[in-house]
Amino acid sequence: MRLFELGGIVFSSFSLRQAAAQPMNILQEETGATVLLGVKIEDHLVYVDKREGRGPLRISSDIGWRRPLHYGMLGMVLMAYLEPREARRIIKKHPLELHTPLSITDEDAFSLRLGRIREEGWVLEKEEAVEGVLGVAAPVRDYSRQVVAALGIALPVGQRRLSRPLDRIIELVKRACEDISSDLGYLKI
């Protein structure tokens with residue numbers, strides 16, 4: 001039964017990666033940033049696809065890496081769309097950790113942050129998971145309207161002199177997520 005379950009995860013990951021391939025390529029080309037795709041597997045954030053950013057500084061998050069579900073921009077997006085009771089259970093199981101001086105470790109403050117992510121539909125994360133790294137992420141939904149993944153870009157804070165302003169980058173990330181969601185059967189009504 002466990003093999004069947006894992007097979008289902010692998011199959012859904014392939015269709016997600018297939019739907020995400022072109023939007024991820026476009027997003028990387030338009031921003032020059034590292035593009036990351038992550039999913040929730042067994043209460044963890046798992047990176048399932050990636051496009052390397054341009055520039056002298058590289059951001060390291062390899063495909064298959066497992067992190068606590070609340071880790072970084074992708075984890076916060078995935079946590080934001082869980083039932084509050086489920087989010088609390090995961091935080092009890094994997095307590096919030098101090099990764100940088102800007103990491104949120106207070107459960108109430110983190111809960112408020114998740115609420116803001118749900119309201120806005122995206123997150124801007126500045127050096128909360130990794131010092132010197134800025135991230136923007138948004139949710140990916142499937143035909144059932146459930147959030148099945150998070151897609152985001154990560155870039156060195158010093159690389160803020162981007163080819164596009166930050167508000168435009170946020171729109172590009174959201175559009176990439178909408179394109180992937182559409183390919184997965186999500187109908188925005």
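Name the pairs whose Cβ atoms lie under 8 Å apart, with the first residue in region 119-147 and at pLDDT below 95, the second surrounded by 14 or more Cβ atoms within 10 Å (Cβ to Cβ) and among the polar types (S, T, N, Q), and 6 or more positions between them or separate chains? As it stands, the answer is GLU128/SER103; ALA129/SER103; ASP142/SER181, since those pairs meet every condition given.
Scanning region 98-114 for residues that are in a loop (DSSP other than H, G, I, E, B) and within 18 Å of the chain's Cα centre (by Cα) yields a count of 3. In region 68-81, the residues that are modelled with pLDDT of 95 or more reach residues that are among the small types (Gly, Ala, Ser) and assigned to a helix (DSSP H, G or I) with C-beta atoms within less than 6 angstrom, at least six apart or across chains, in these pairs: MET79/ALA87. Residue check: is ALA87 among the small types (Gly, Ala, Ser) and not in a strand (DSSP E or B)? Criteria met by ALA87. Within region 89-131, the set of residues being touching a Gly at 6+ places or on another chain (Cβ under 7 Å) and small (Gly, Ala, Ser) comprises ALA129 only.
With respect to the stated conditions, VAL140 fails to be closer than 20 Å to ASP49 by Cα, open to solvent by 30 Å² or more (accessible area, probe 1.4 Å) and among the aliphatic types (A, V, I, L, M). For region 32-46, the set of residues classified as over 20 Å from LEU166 (Cα atoms) and either open to solvent by 10 Å² or more (accessible area, probe 1.4 Å) or in a loop (DSSP other than H, G, I, E, B) (or both) consists of VAL39, LYS40, ILE41, GLU42, ASP43, HIS44, VAL46, listed by residue number. On the basis of being at pLDDT below 95, part of a helix (DSSP H, G or I) and either open to solvent by 60 Å² or more (accessible area, probe 1.4 Å) or under 19 Å from ASP49 (Cα atoms) (or both), does ASP179 make the cut? Here the answer is no, as ASP179 does not meet what is asked.
Do we find a residue being within 24 Å of ASP167 (Cβ to Cβ), in contact with a helix residue (DSSP H, G or I) (Cβ under 7 Å, 6 or more places away or on another chain) and open to solvent by 40 Å² or more (accessible area, probe 1.4 Å) anywhere in region 66-77? Within region 66-77, not a single residue is within 24 Å of ASP167 (Cβ to Cβ), in contact with a helix residue (DSSP H, G or I) (Cβ under 7 Å, 6 or more places away or on another chain) and open to solvent by 40 Å² or more (accessible area, probe 1.4 Å). Residues being surrounded by fewer than 21 Cβ atoms within 10 Å (Cβ to Cβ) and out of contact with any Cys (no Cβ under 9 Å at 6 or more places or on another chain): count how many of those fall in region 118-129. Residues meeting the conditions: 6.
The values are calculated or read from the model by the stated rules, or taken from the named source; none is laboratory data. Owing to the predicted nature of the structure, the values given are computational and were not obtained by experimental measurement. Using ideal geometry, Cβ is built from the backbone for each residue, glycine included, and neighbour counts are taken over all protein chains shown. Protein only, heavy atoms only, side chains kept; ligands, DNA and RNA dropped before computing areas. Shrake-Rupley method; radii C 1.70, N 1.55, O 1.52, S 1.80 Å.
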